[in-house]
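Peer 1: Handing you a structure now.
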Amino acid sequence: MFKNSINCLGDLFKGDSGIPRGSLILVTGAEGSLKSGFVFNMLSKYLASSSECGLYASLEETKESHLRNMESLGIKKSDRLHIFDYKDMRYEWENVEPDMIKVTEDLINFYKEKYDNLTVFALDSLNALYSVSNPLNLRKNMYRFFTMLRDKDLTTFLIMETCSSEKHVIVCTTDLIERPEYFLADGIIELGIVEANENVKRYIQIRKMRGANHSMGKHQIVVEKDGIHVFGSVY
């Protein structure tokens, strides 16, 4: 699943492997590493050639702003990919602490009732979800959140911004150890930026993918006029 949704993405998987249907995937990386673009491009291309539908929920941007950014990357939205941006709900959250798990569950239920072929869901981003959620009992709440998503029988992509290379490594390492989503997720796709000899490259690396045989190497990703492409090793 999804291995042909981005040019040469299938080269990162071995044999007939791909992202297993029904998996819950973290897409992580520093700012500017194309996390949102990668997920949106992958979902749009996949859905454009299928009979399924998908939902992209944006907590960070309005629908209009997100689509402008995707257009600047050469990414064309599939008519089968629906976008929800929480814009109208933000005003209701000014003086209350929302139950984001319940809000997201209600959102998915609404779209599944409207589109019975909804099979794919993406949340942009976990960082924004945390910012409007109770920080207590994080591990318990994330287990509840991930369980709810799996019960919906969706292939899910959760975007999460992590430390940039300029920040202290010890802080990033501690953050990785303490975050329960790394252990709960079925897969982790890391997007990042490497610099060598004044040359800057973006990369993709599949750090974890249950049920799939995949490369562990870092492969270069670039933006072309028709969206995101995967190329050979960055080294």
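The values are calculated or read from the model by the stated rules, or taken from the named source; none is laboratory data. Worth saying up front: this structure is predicted, and the values here are computed from it rather than measured. Cβ coordinates were reconstructed from backbone atoms using ideal geometry, including for glycine residues, and neighbour counts include every protein chain displayed.
Peer 1: If you check N127 against the conditions, is it more than 17 Å from the chain's Cα centre (by Cα) and polar (S, T, N, Q)?
Peer 2: Working: more than 17 Å from the chain's Cα centre (by Cα): no; polar (S, T, N, Q): yes.
In short, no.
One line per residue, one yes/no per condition, for (1) in contact with a Gly (Cβ under 8 Å, 6 or more places away or on another chain); (2) not charged (D, E, K, R):
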{"site": "L191", "(1), (2)": "yes, yes"}
{"site": "N197", "(1), (2)": "no, yes"}
{"site": "V200", "(1), (2)": "no, yes"}
{"site": "M216", "(1), (2)": "no, yes"}
{"site": "I221", "(1), (2)": "no, yes"}
{"site": "E224", "(1), (2)": "yes, no"}
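Peer 1: Considering only the range 44-72, state which residues are closer than 19 Å to E161 by Cα, modelled with pLDDT of 95 or more and of a type in the set (A, V, I, L, M).
Peer 2: Result: A57, M70.
Peer 1: Moving on to the next point. If I filter the range 130-143 down to residues being more than 22 Å from H66 (Cβ to Cβ) and surrounded by 13 or more Cβ atoms within 10 Å (Cβ to Cβ), which single residue comes out as nearest to the chain's Cα centre (by Cα)? Outline the logic, then answer.
Peer 2: Keep residues of the range 130-143 that are more than 22 Å from H66 (Cβ to Cβ), which gives 134-143.
From what's left, surrounded by 13 or more Cβ atoms within 10 Å (Cβ to Cβ): 138-139, 141-143.
Values: L138: 20, R139: 20, N141: 19, M142: 16, Y143: 18 Å.
Per the criteria, the residue is M142.
Peer 1: If you go through the range 1-45 one residue at a time, how many are small (G, A, S) and either more than 15 Å from the chain's Cα centre (by Cα) or surrounded by fewer than 18 Cβ atoms within 10 Å (Cβ to Cβ) (or both)?
Peer 2: From the range 1-45, those small (G, A, S) are 5, 10, 15, 17-18, 22-23, 29-30, 32-33, 36-37, 44; that's our starting set.
With either more than 15 Å from the chain's Cα centre (by Cα) or surrounded by fewer than 18 Cβ atoms within 10 Å (Cβ to Cβ) (or both) added as a condition, the list becomes 10, 15, 17-18, 22, 32.
Matching residues across the range 1-45 total 6.
Peer 1: All but one of (1) modelled with pLDDT under 90; (2) touching a Cys at 6+ places or on another chain (Cβ under 6 Å) hold for S131; which doesn't?
Peer 2: Of (1) modelled with pLDDT under 90; (2) touching a Cys at 6+ places or on another chain (Cβ under 6 Å), only one is false for S131: (2).
Peer 1: I've got another one for you. Just one of (1) under 17 Å from the mean Cα position of the chain (by Cα); (2) modelled with pLDDT of 90 or more; (3) farther than 18 Å from K63 by Cα trips up N109, so point out which.
Peer 2: (1)
Peer 1: Can you go through G22, G37 and tell me which one is farther than 19 Å from K152 by Cβ and among the small types (G, A, S)?
Peer 2: Residue meeting the stated conditions: G37.
Peer 1: K63 - would you say it is surrounded by fewer than 20 Cβ atoms within 10 Å (Cβ to Cβ), more than 17 Å from the chain's Cα centre (by Cα) and of a type in the set (K, R)? Outline the logic, then answer.
Peer 2: Values: surrounded by fewer than 20 Cβ atoms within 10 Å (Cβ to Cβ): yes; more than 17 Å from the chain's Cα centre (by Cα): no; of a type in the set (K, R): yes.
For K63, the condition - surrounded by fewer than 20 Cβ atoms within 10 Å (Cβ to Cβ), more than 17 Å from the chain's Cα centre (by Cα) and of a type in the set (K, R) - is not met.
Peer 1: I'd like the full set of residues that are modelled with pLDDT of 95 or more and out of contact with any helix residue (DSSP H, G or I) (no Cβ under 8 Å at 6 or more places or on another chain), limited to the range 112-128.
Peer 2: Filtering the range 112-128 for residues modelled with pLDDT of 95 or more gives 112-115, 117-124.
Across the range 112-128, the qualifying residues are K112, E113, K114, Y115, N117, T119.
Peer 1: Collect the residues in the range 49-66 that are over 24 Å from D106 (Cα atoms) and in contact (Cβ under 8 Å) with a residue 12 or more places away in the chain, keeping them in residue-number order.
Peer 2: S50
Peer 1: Let me ask something else about it. Identify all residues within the range 111-139 that are assigned to a loop (DSSP other than H, G, I, E, B) and either among the charged types (D, E, K, R) or over 25 Å from K45 (Cα atoms) (or both); write none if there are none. So that I can check it myself, show each step before the final result.
Peer 2: Step one: filter the range 111-139 for residues assigned to a loop (DSSP other than H, G, I, E, B), giving 115-117, 125, 132-137.
D116, V132, S133, N134, P135, L136, N137, listed by residue number.
Peer 1: Which condition breaks for K102 when tested against (1) over 17 Å from the mean Cα position of the chain (by Cα); (2) at pLDDT 95 or above?
Peer 2: (2)
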